[in-house]
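Trainee: Below you'll find the structure I mean.
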Amino acid sequence: MLNLLQIIPLGAKEFFRLIAARGGQLILRLTSRTYVGRRGITIVFAPHQDDETLGCGALIAHKRNDGQPVHVVFLTDGSCSHPNHPRVTPVEIAELRAQEA
């Protein structure tokens with residue numbers, strides 16, 4: 001809990017950042033609940049390799065640890081993710097993405 005002495009030395013920007021952070025924490029505490037998913041096959045669609053990990057990694061791990069099947073569908077080979085890159089060609093990017101899969 002904040003007291004007045006903690007708030008007084010803050011500037012406006014820091015004060016509102018603190019209020020937003022504390023408000024966000026409160027909302028999460030009040031609205032969060034344990035995830036209870038359905039059993040069965042899960043299909044994850046990802047733009048390219050590694051996005052499934054960044055976006056759904058915890059869900060994938062949870063399902064697999066529970067012995068449930070998870071299939072990942074990659075929509076592209078990732079070759080266009082970094083156009084005009086100075087050191088890596090689109091073909092090299094696609095090869096890297098294939099290794100990440």
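Trainee: With contacts defined as alpha carbon pairs under 8 Å and 6 or more residues apart, what's the relative contact order of the chain in percent?
Mentor: 25
Trainee: Right, another one. Quick one: longest stretch of the chain between exposed loop trypsin sites (Lys or Arg not before Pro), exposed meaning at most 10 other C-beta atoms within 10 Å and loop per DSSP?
Mentor: Free of exposed loop sites, the longest segment is 40-86.
Trainee: Taking only Cα atoms, what is the 0 to 90° angle, nearest 10, from helix 90-100's long axis to the longest principal axis of the chain?
Mentor: 70
Trainee: Using the alpha-carbon atoms, what tilt in degrees (0 to 90, nearest 10) does helix 51-65 show relative to the longest principal axis of the chain?
Mentor: 90
Trainee: Here's a follow-up. Looking only at Cα atoms, what is the convex hull volume of the chain per residue, in Å³?
Mentor: 180
Trainee: Moving on. So which residue, out of Pro83, Pro69, Pro47, gets the largest mean-square fluctuation from a GNM of the chain using Cα contacts under 10 Å as springs?
Mentor: Residue with maximal mean-square fluctuation among Pro83, Pro69, Pro47: Pro83.
Trainee: Express in nm, to one decimal, how much length is gained between Thr89 and Asp66 on full extension, taking 0.36 nm for each residue of separation and deducting their alpha carbon distance.
Mentor: Fully extending the segment from Thr89 to Asp66 adds 4.3 nm.
Values quoted throughout were computed directly from the atomic coordinates according to the rules given, and no laboratory measurement underlies them. Please read these numbers as outputs of a predicted model, since none were measured by experiment. Don't worry about glycine lacking a Cβ; one is built from the backbone with ideal geometry, like all the others, and counts go over all protein chains shown.
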